[in-house]
Amino acid sequence: MINQDDLEAFGYYNIPPTTDNSDATFLEDYCKFVEGMVLTYGRDRLAENTLGLVGEAGEVAEKVKKFFRDGTLDEAAIQLELGDVTFYLAALHNVLGLDFSETIQRNKDKLIKRKMNNTLRGSGDNR
Ligand SMILES: [Mg+2]
C-alpha cells in the first residue's frame, strides 16, 4: 500500500491522505443497510446484484446520452442513478465477502501508482 512517505518521496502532495476510520465506518454502516434490503440469495443473488450494477450503470449512461442527444443534463437524476450503482456495489461486496473500504483504497493505490509512473493513459491492468 502506498503511504504518505511514498507520496512525499515522489514530490506528490496533492493526493488526500488514506481513507480515515470515519469513512470506513460510514461504508460499513451503508453495507449493513444494503444487506437488509437485498431480496435474493445464493447464486440468484450474485446474478441479480451483478446485473443490477450493470443495469444501473446503464441508467447513468442513458442520462448522459440524453445530454448529447437533447442538450439537457439532469444532474439530480444522475445522482439518483449513481446511488443505485452504489447500492449494487455494496451488495456485491457483501455477497462476495469483500471490504468496500479496502476496494476503494486499493483503487486509490493503483491510480496513484499509475500517476507517479505516468501511465494513467494506456491499456493493461498491470501498468
Ligand atoms: Mg436506477
If Ile112 meets every condition in (1) away from the ligand (no atom under 16 Å from the Cβ); (2) within 30 Å of Glu35 (Cβ to Cβ) apart from one, which number is that one?
(2)
If I go through the range 78-92 residue by residue, how many of them are of a type in the set (Gly, Ala, Ser) and either more than 9 Å from the ligand (Cβ to nearest atom) or surrounded by 19 or more Cβ atoms within 10 Å (Cβ to Cβ) (or both)?
2
Looking at (1) part of a helix (DSSP H, G or I); (2) more than 26 Å from Ser22 (Cα to Cα), which is the one condition that is false for Asn107?
(2)
Test set (1) in a helix (DSSP H, G or I); (2) of a type in the set (A, V, I, L, M, F, W, C); (3) more than 14 Å from the ligand (Cβ to nearest atom) - Val38 fails condition number:
(1)
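Quick note: the coordinates plus some simple rules give every number you see, no bench work behind them. It should be emphasised that the depicted structure is a prediction, and the values quoted were computed from it without experimental measurement. Methodologically, a virtual Cβ is constructed for each residue, glycine included, from the backbone with ideal geometry; neighbour enumeration extends over all protein chains shown.
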